[in-house]
Amino acid sequence: MIKVINLGKVYQAGTQQVVALADVNLSIRPGEFVAVMGPSGSGKSTLMNLLGCLDTLTSGSYQLDGMEVSGMSDTEQAQVRNLKIGFVFQAFNLLPRMTAMRNVELPMIYAGIAPRERARRAVQALERVGLKERMSHRPSELSGGQIQRVSIARALVNNPAVILADEPTGNLDTRSGEEIMAIFQELNRGGATIVLVTHEREIGLHTARIVYFRDGRLVDDENVSAPLDARELLNANMPAGQSPGIIESGEECG
Amino acid sequence: MNLLESVRVALEGIMTSKLRSFLTTLGIVIGIAAVIAVVAIGQGGRAVLMSEMEKMVTNIFAIFVDWRSDKQVTGREFDLSDVAAIKDKVPEVTHLSPVNQIMSDIRGPKDQKLAQVIGVSSDYSYIRKFNMKEGHFFTEEDDAGERRVAVLDEELAVQVFGRASALANKITIANTPFLVVGVVAKGESALGFSENPRLYIPISTWQVMFNSQVQELEGSTSAKENVNEAMGQAVKLLERRHQTPGKYTSVSMEQEMQAANKITGIMTLVIGAIAGISLFVGGIGVMNIMLVSVTERTREIGIRMALGATRRDILVQFLIESIMLCLLGGIIGMALGAGGAYLIAKLAKWPPLVSWWTALLAFAFSGAIGVIFGLLPANKAARLNPIEALRRE
Ligand SMILES: Nc1ncnc2c1ncn2[C@@H]1O[C@H](COP(=O)(O)OP(=O)(O)OP(=O)(O)O)[C@@H](O)[C@H]1O
Ligand SMILES: [Mg+2]
């Protein structure tokens with residue numbers, strides 16, 4: 001699914017060159033659930049941007065779904081982002097003045113899908129994240145956890161080859177984060193390939209594989225023998241309403 | 001993404017901040033309103049002018065000495081025999097009269113006035129198609145007999161007679177007594193040209209009283225179509241008779257109308273150009289706000305790009321937004337301008353003239369402004385780097 005060979009990324013910041021990634025070799029098979037961890041500034045977001053075709057690599061090669069991505073034109077990259085990749089951001093990045101439904105429809109609009117089909121699939125995607133009833137709400141009327149679930153619905157609506165999530169639980173409280181992980185695990189069980197950046201080992205342990213970055217290099221690749229099951233944890237440890245430290249974060253995306 | 005979706009996305013952009021959208025396009029509203037109003041009023045005014053001129057006698061012409069010619073002016077350029085000769089040789093000329101003018105002192109029972117004393121033949125009332133308020137115009141016999149008879153215009157009659165009837169009463173012209181035989185009704189002059197108070201006396205009498213010259217000729221033809229032909233022939237005949245080529249010049253009402261038409265056309269053009277400049281300024285206003293809007297919506301653009309919008313999609317979105325804003329402004333402006341033109345036309349009693357082509361042109365023009373002034377902001381939006389755009393607050 002994802003094949004990265006000798007990947008390097010150098011930023012030109014004024015006269016200075018910043019090596020954000022160097023010699024990264026990474027293969028991710030279809031259906032894998034991978035966590036990317038590492039200290040701040042280690043290049044995790046840079047990797048996600050490259051994998052997501054938001055940025056162009058400086059050296060090496062990147063194949064997505066059997067296609068060489070480096071050297072693609074802007075338009076081709078946009079098409080790859082549209083059809084092969086689903087983004088979930090730490091800052092949510094929903095369009096604030098649009099309803100959940102309309103937000104989920106956006107990737108399909110750019111894919112040229114007809115309105116009726118679009119609506120059907122948007123409702124279906126919102127149903128999968130348990131927010132069908134909230135489809136006509138705007139982000140300002142939703143909690144942080146709900147907003148992130150809408151953005152997951154948006155990420156999966158075009159059936160992407162891979163879902164890329166950069167610290168999706170970073171702005172959420174523990175319970176909402178756990179709910180997000182539960183959704184990811186369900187999607188993964190349904191066959192979705194997911195790459196997720198996190199700072200919390202607890203979150204990372206929900207995946208099957210953790211890759212560690214330090215100073216732009218991939219330093220460790222660990223298989224998680226017995227991943228935590230988010231749904232189970234939610235049911236056992238944190239029955240709704242009792243969990244401590246739940247702050248209904250009303251943050252808007254924007 | 002197809003055009004319909006682009007339009008919908010652009011509409012969403014416009015509708016999310018209605019007040020700002022309206023203020024953005026206000027310049028276009030004012031510009032288009034100004035253009036529509038100016039053109040409508042200009043055309044209305046012109047139509048009024050033309051219809052007034054149509055009402056006036058259009059088949060008349062005048063021949064006079066060309067002051068610009070380098071030939072010596074002798075005062076003998078015309079004489080009374082020319083009139084008969086022209087009428088004889090130029091069949092198109094139906095009426096022809098010598099016209100002499102002099103300012104003189106007029107005394108009536110009520111008051112005295114300086115007025116234009118005009119010596120003409122009896123043909124003159126046919127040329128000018130005078131409408132008599134009282135009495136009649138003097139006759140050929142009056143002229144032949146050098147009689148001291150006068151025809152006053154209404155204004156002068158009121159000035160020197162007051163409420164008393166002027167008809168069959170006496171006035172003096174330069175201390176010579178005259179009998180008033182008629183009063184000419186005031187002509188409808190919507191153009192508002194006020195002429196000096198005037199009175200008409202037989203040319204023969206005029207020549208006895210003042211001097212024996214003939215100053216100019218005025219004539220009419222059977223139809224306005226042959227005025228220029230008749231005029232030209234008359235001038236040629238005069239030149240032959242007096243052996244003075246190049247000394248005469250002539251003008252027809254038709255030519256004067258064309259000149260007036262041209263002037264109102266130029267005025268409309270000038271005011272239209274000013275309105276056009278205001279439209280241009282309006283366009284710059286739209287561009288300015290659109291540029292700000294692109295900066296403010298950088299994050300949105302980044303999100304759209306991350307979700308698969310191509311640069312072209314973004315460009316089209318902002319371009320359509322700009323075009324729709326301008327078209328909206330154009331429509332509102334058109335309504336306002338037409339309303340204003342209608343109001344002014346009503347006050348000025350002109351026909352309101354908002355022609356379909358002005359409306360169409362204004363619509364197309366505001367659309368074009370949308371394209372021209374939307375290109376820069378749209379291009380700026382499309383060139384954004386998605387990662388940087390996403391990072392923006
Ligand atoms: N646009 C840029 N220009 C210059 N340097 C950059 C740019 N983006 C990132 N960097 C640098 O590249 C390195 C990796 O940054 P990156 O954002 O990938 O880190 P990260 O692992 O995501 O950190 P965090 O956990 O804090 O999000 C850092 O040193 C950063 O300063
Ligand atoms: Mg990061």
**OP:** Determine the relative contact order of the range A:2-236: mean sequence separation of Cα pairs under 8 Å and six or more apart, normalised by residue count, in whole percent.
**Re:** 27
Original post:
Where both residues lie in chain A, what percent of DSSP beta bridges are antiparallel, nearest 5?
Top reply: 55
**OP:** For the protein assembly as shown, build the charge dipole from Cβ charges (+1 Lys, Arg; -1 Asp, Glu) around the Cα centre, then report which of A:62, A:47, A:28 sits farthest towards its positive end.
**Re:** A:28
**OP:** Just name one of B:137, B:271, B:168: the one whose Cα is farthest towards the positive end of the charge dipole of chain B (beta-carbon charges, Lys/Arg +1, Asp/Glu -1).
**Re:** B:271
Subject >> Full-stretch length increase - residue B:22, residue B:273 - with 0.36 nm per residue and alpha-carbon distance subtracted >> reply: 87.9 nm
Original post:
How much accessible area does residue B:70 have with a 1.4 Å probe, in Å² rounded to the nearest 10?
Top reply: 140
**OP:** Sort B:203, B:266 by accessible area with a 1.4 Å probe, largest first.
**Re:** B:266, B:203
**OP:** Tell me the label-point distance for the pair residue B:210, residue B:393, using the 7 Å Cα-to-Cβ offset, in nm and rounded to one decimal.
**Re:** 8.9
Original post:
What is the extension gain from residue B:73 to residue B:255, computed as 0.36 nm multiplied by their sequence separation minus the C-alpha to C-alpha distance, in nm to one decimal?
Top reply: 63.0 nm
**OP:** Determine the share of the range B:314-370's accessible area contributed by carbon and sulfur atoms, expressed in whole percent, with a 1.4 angstrom probe.
**Re:** 85
Original post:
To the nearest 500 deg cm²/dmol, what mean residue ellipticity at 222 nm is calculated for chain A from DSSP H runs of n ≥ 4 alone, each contributing -39,500 (n - 2.57), summed and divided by the residues?
Top reply: -10000 deg cm²/dmol
Original post:
So if we plug the beta-carbon distance of residue B:346 and residue B:50 into 1/(1 + (r/R0)^6) with R0 = 22 Å, what FRET efficiency do we get, rounded to 0.05?
Top reply: 0.65
Original post:
Which residues of the range B:286-324 end up with at least 30 Å² less accessible area in the presence of all protein chains than when their chain stands alone, using a 1.4 Å probe?
Top reply: B:299, B:303, B:304, B:306, B:307, B:308, B:310, B:311
**OP:** Could you rank A:40, A:73 by how accessible they are, 1.4 Å probe, largest area first?
**Re:** A:40, A:73
Subject >> With all protein chains modelled, accessible area of residue A:193 [1.4 Å, Å²] >> reply: 10
**OP:** With label points built 7 Å along Cα→Cβ from the Cα atoms of residue A:73 and residue B:103, find their separation and express it in nm.
**Re:** 8.2
Original post:
Assigning unit charges at the beta carbon (Lys, Arg +1; Asp, Glu -1) and nothing else, what dipole magnitude in debye, to the nearest 20, does the range B:142-287 show about its Cα centre?
Top reply: 240
**OP:** Report in % the part of the accessible area of the range B:72-245 that belongs to carbon and sulfur, leaving out ligands and nucleic acids; probe 1.4 Å.
**Re:** 47
Original post:
Using +1 on the beta carbon of Lys and Arg, -1 on that of Asp and Glu, and nothing else charged, what's the dipole of the range B:72-245 about the Cα centre, debye to 20?
Top reply: 380
Original post:
Can you give the average number of partner chain beta-carbon atoms within 10 Å of each beta-carbon in peptide A:103-109, as a whole number?
Top reply: 4
Original post:
From the Cα gyration tensor of chain A, with a ≥ b ≥ c the square roots of its eigenvalues, which class applies: rounded if a/c is under 1.5, or else prolate if a/b is larger than b/c, or else oblate?
Top reply: oblate
Original post:
Carbon-plus-sulfur fraction of the accessible area of the range A:98-249, 1.4 Å probe, in percent?
Top reply: 46
Subject >> Solvent exposure of the range B:72-245 as accessible area per residue, Å², 1.4 Å probe >> reply: 50
Subject >> Among B:219, A:113, B:26 - extreme Cα towards positive end, dipole of the protein assembly as shown, charges at beta-carbon >> reply: A:113
**OP:** Hand me the trypsin sites (Lys or Arg not before Pro) from the range B:345-393 located in a DSSP loop with no more than 13 other Cβ atoms within 10 Å, in residue order please.
**Re:** B:349, B:383
Subject >> Estimated inter-spin distance, residue B:368 and residue B:66, nm [label 7 Å along Cα→Cβ] >> reply: 4.3
Subject >> Cα centre as origin, Lys/Arg/Asp/Glu Cβ charges: the protein assembly as shown dipole, Debye >> reply: 340
Original post:
Shielding of A:48-58 by partners, i.e. mean partner chain Cβ atoms within 10 Å per residue?
Top reply: 2
**OP:** Using the heavy atoms of the protein chains and a 1.4 angstrom probe, tell me the accessible area per residue for chain A in square angstrom.
**Re:** 43
**OP:** Taking chymotrypsin sites (Phe, Trp or Tyr not before Pro) as candidate sites, keep only those in a DSSP loop with at most 14 other Cβ atoms within 10 Å, then name the longest stretch of chain B containing none of them.
**Re:** B:194-393
Original post:
Is the shape of chain B rounded, prolate or oblate, going by the alpha carbon gyration tensor and its root eigenvalues a ≥ b ≥ c, with a/c under 1.5 for rounded and a/b larger than b/c for prolate?
Top reply: prolate
Original post:
What's the FRET efficiency of residue A:40 with residue B:296 using the Cβ-Cβ distance as r and R₀ = 35 Å, to the nearest 0.05?
Top reply: 0.75
**OP:** Could you work out how far the C-alpha centroid of the range A:131-173 sits from that of the range A:62-118, in angstrom?
**Re:** 14
Original post:
So for B:312, B:148, B:46, what's the accessible-area order with a 1.4 Å probe, most first?
Top reply: B:312, B:148, B:46
**OP:** Which order do the peptides B:258-264, A:93-99 take when ranked by the mean count of other beta-carbon atoms within 10 Å per residue, highest first?
**Re:** A:93-99, B:258-264
Original post:
Does the range B:72-245 come out rounded, prolate or oblate by the C-alpha gyration tensor, with a ≥ b ≥ c the root eigenvalues, rounded set by a/c under 1.5 and, if not, prolate when a/b is larger than b/c and oblate if not?
Top reply: prolate
Subject >> Protein accessible surface hidden between B and A, which excludes ligands and nucleic acids, total in Å², probe 1.4 Å >> reply: 2200
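The values are calculated or read from the model by the stated rules, or taken from the named source; none is laboratory data. Note that the coordinates shown come from a computational prediction; the quantities given were computed from them, not determined experimentally. Backbone-built Cβ (ideal geometry, glycine too); neighbour counts: all protein chains shown. Side chains included, ligands, DNA and RNA excluded: accessible areas come from the protein's heavy atoms. Shrake-Rupley method; radii C 1.70, N 1.55, O 1.52, S 1.80 Å.
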